[in-house]
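Below is one structure, written out as structure tokens, with a few remarks after it.
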Amino acid sequence: MKYKMIVSDLDGTLLNSEHKISKHTIDIIRKVTETGVKFSIATGRHFKDAEFFFKQVGVGSYLISGNGSLIHDKNGNEIGNTNMNSEITKRLIELKIDDEISRNIYYKDKWYTQKMIEAFGEYHVESKFSPIESDLKEFKNKKIEKVFFYCDDYKKIEKLEKEMLEDEWFKGKVNITTSHPSCLEIMDISTNKKEGILEIMKHENIKADEILAFGDAFNDNEMLSFVGKGIIMGNGDKKLKELLPDCEVIGTNNEDGEAKYLEEMFLK
């Protein structure tokens, strides 16, 4: 099979544990695109945040952000978007959560948080994209892209996820997923990375089985199971590997696992 497009997650995949893309990885991606293969990014991060890495790589065709809530082309033109309606937004902002959990929203070109967490600075050391502290009440009647809950104590996130999955009110309305054990992400029911890829396919003469995708977490599930070849990083979530046994597992994000795989497949 000749693959025409590569789609890569960021955190835990393209980015190492210091939340950076290695120079070697950038070099390999650029060389691969010189062969005619397109490269795109699909991440849970905010568009403004992910845009930093998209520009750093410099040869991307499309950027899927917010787990599929926004899709932009290489020139920054928005080609697709989905938002949660205000009824869902209000419910999520009023949802009772543990005091240690940080509630966050993506609205337009900003990120707002009810509670600052030290880890936010670590994750965004490269892009310098940072949240604005807010009680979030002003957003109750707004249509927003994504809500996420973060807590260093992942057990509290697991508990919140279980409660939300069991809540009949949310069923059929939202997509509940995780990008990290400490991060629970909520989007409209129609939003995921696979849907973002489907939007891209409307603009490109590319079939699903001509796409190669890399990921490491549950928010990559739909994407990895949809494309021609889904690849899970060695550092990826154990439960994701069990859920998708047909996906190949490669080296870790700290070993330039994706770059090594691409080099072997396209440059040798």
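The values are calculated or read from the model by the stated rules, or taken from the named source; none is laboratory data. Note that the structure is predicted; figures quoted are calculated from it, not measured. All Cβ positions, glycine included, derive from the backbone under ideal geometry; neighbour counts span all protein chains shown.
All of K146, K140, K171 fail the test of being basic (K, R) and within 21 Å of the chain's Cα centre (by Cα), apart from K146.
The residue list I117, I88 contains one member that is out of contact with any Leu (no Cβ under 8 Å at 6 or more places or on another chain), among the aliphatic types (A, V, I, L, M) and surrounded by fewer than 21 Cβ atoms within 10 Å (Cβ to Cβ), which is I117. In segment 226-242, of all residues being part of a helix (DSSP H, G or I) and free of Cβ contacts under 8 Å to residues at least 24 places away in the same chain, the one that is nearest to L198 (Cα to Cα) corresponds to K241. For S61, are the conditions met, namely being under 21 Å from E161 (Cα atoms) and at pLDDT 95 or above? Considered against the rule, which asks whether it is under 21 Å from E161 (Cα atoms) and at pLDDT 95 or above, S61 comes out as no.
When the residues of segment 13-42 are filtered to those that are basic (K, R) and not in a loop (DSSP other than H, G, I, E, B), the one that is surrounded by the fewest Cβ atoms within 10 Å (Cβ to Cβ) is K23.
When V7 is tested against the conditions (1) in contact with an Asp or Glu (Cβ under 9 Å, 6 or more places away or on another chain); (2) β-branched (V, I, T); (3) buried (at least 22 other Cβ atoms within 10 Å of the Cβ), the lone failure is (1). Do the conditions hold for G215, that is, is it touching a helix residue (DSSP H, G or I) at 6+ places or on another chain (Cβ under 6 Å), surrounded by fewer than 18 Cβ atoms within 10 Å (Cβ to Cβ) and in contact (Cβ under 8 Å) with a residue 12 or more places away in the chain? No: the conditions fail for G215.
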